[in-house]
Amino acid sequence: MINVIIADQQAIFRAGVAKVMAVEDDFRIVGQPQSPEQMLNALEHLRAHVLLVSSSFMSLFSEIQALTARYNTAILVLAEPGEGAAAFIVMGAQGVVYRSINGPAIV
């Protein structure tokens, strides 16, 4: 079972991704924080395998990276159209997806 935290300020996006992943046997959504502070708390307490995090939360990347390294959590950045993926990879993210991603691709 892969535990996933979906950290994004848009409730409708979090709910949509959670719904897509809920039908998969291998995924369990363990948290859906809507703010950077809630995300850090979720990372500290929920022991996720994957963090899907909005690029708008990246101002706290050093804190995110410290917590994900401690618990061996992969960072997948949710980028806005026009944001370059390479910059997030250089920062230490394991992957980048864009908001326009479809359900099968995010799984």
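Quick look at the values:
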read-out	value
Meets criteria (free of Cβ contacts under 8 Å to residues at least 60 places away in the same chain and open to solvent by 40 Å² or more (accessible area, probe 1.4 Å)) for Gly92	no
Selection from segment 56-89 of residues that are in a loop (DSSP other than H, G, I, E, B) and surrounded by 15 or more Cβ atoms within 10 Å (Cβ to Cβ)	Thr73, Glu83
Close pairs (8 angstrom Cβ cut-off, 6 or more residues apart or separate chains): under 27 Å from Leu60 (Cα atoms) in segment 15-36, of a type in the set (Lys, Arg) and open to solvent by less than 30 Å² (accessible area, probe 1.4 Å) anywhere	Gln32/Arg14; Gln34/Arg14
Within segment 73-102, considering residues that are at pLDDT 95 or above and of a type in the set (S, T, N, Q), the one farthest from Ala7 (Cα to Cα)	Gln94
Subset of segment 1-55 [crowded, with 16+ Cβ neighbours inside 10 Å, part of a helix (DSSP H, G or I) and polar (S, T, N, Q)]	Ser55
Residue match in segment 60-74 (condition: of a type in the set (Lys, Arg) and closer than 23 Å to Ile101 by Cα)	no
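The values are calculated or read from the model by the stated rules, or taken from the named source; none is laboratory data. The structure displayed is predicted, hence computed values, not measured ones. Cβ sites come from the backbone with ideal geometry, for glycine too, and all protein chains shown count toward neighbours. Only protein heavy atoms, including side chains, enter the accessible area calculation; ligands, DNA and RNA are left aside. Shrake-Rupley method; radii C 1.70, N 1.55, O 1.52, S 1.80 Å.
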